Amino acid sequence: MSWRCDLTGKKPLSGHKVSHSNIKTKRRFMPNLQNVTLTSEALGRTVRARISTQALRTVDHRGGFDAFLLKAKDAELAPKMLILKRQLVKKTAKAAPEAAAS
């Protein structure tokens, strides 16, 4: 399992740990990843994902998991999330003509 956020693509950064005597040693800054279950209202299912806490806040800010996926860039998403996004786009495109006809 890689240290990569499924939604935003955040990954570890590298830098230096600097001691009091200014000695620099290499270290890694790991993203704060959490295992969460997200619910898609449009698809009517739940999805388990490993996402960063910042991505979780962004999902809430954008109005839910579906809204986040529709606005997300394909290059940042994990393959599992990209499949979900394509299903969501297909489902919303199919529902749009039905809503316009009523």
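Applying a threshold of 22 Å to the alpha-carbon distances of Lys11/Lys80; Lys17/Lys73; Lys10/Lys71; Lys10/Lys94 flags Lys17/Lys73; Lys10/Lys94 as lying beyond it. Electrostatic bookkeeping for Val18 treats Lys and Arg as +1 and Asp and Glu as -1; over the other residues with beta carbon under 12 Å from its beta carbon, the sum is +4.
Placing +1 on each Lys and Arg Cβ and -1 on each Asp and Glu Cβ, with no other charges, gives the chain a dipole about its Cα centre of roughly 600 debye. Just the number, please: carbon plus sulfur as a percent of the accessible area of region 3-58, 1.4 Å probe, no ligands or DNA/RNA counted. Carbon plus sulfur share of accessible area: 50 percent. Residues in the chain average 71 Å² of solvent-accessible surface per residue, probe 1.4 Å, ligands and nucleic acids excluded. Considering the chain, its Cα convex hull presents a mean projected area of 8.3 nm². Answer with one residue from Thr37, Ile23, Leu56: the one whose Cα lies farthest towards the positive end of the charge dipole of the chain, charges on Cβ with Lys, Arg +1 and Asp, Glu -1. Comparing the listed Cα positions along the dipole, Ile23 ranks first.
Relative contact order for region 1-74: what percent, with Cα pairs under 8 Å and sequence separation of 6 or more?
Relative contact order comes out at 26 percent.
The values are calculated or read from the model by the stated rules, or taken from the named source; none is laboratory data. Just so it is clear, the model here is predicted, and its values are computed rather than measured. Reconstructed Cβ throughout: ideal geometry from the backbone, glycine too, with neighbour counts over all protein chains shown. Please note that ligands, DNA and RNA were not included when accessible areas were found on the heavy atoms of the full protein model with its side chains. Shrake-Rupley method; radii C 1.70, N 1.55, O 1.52, S 1.80 Å.
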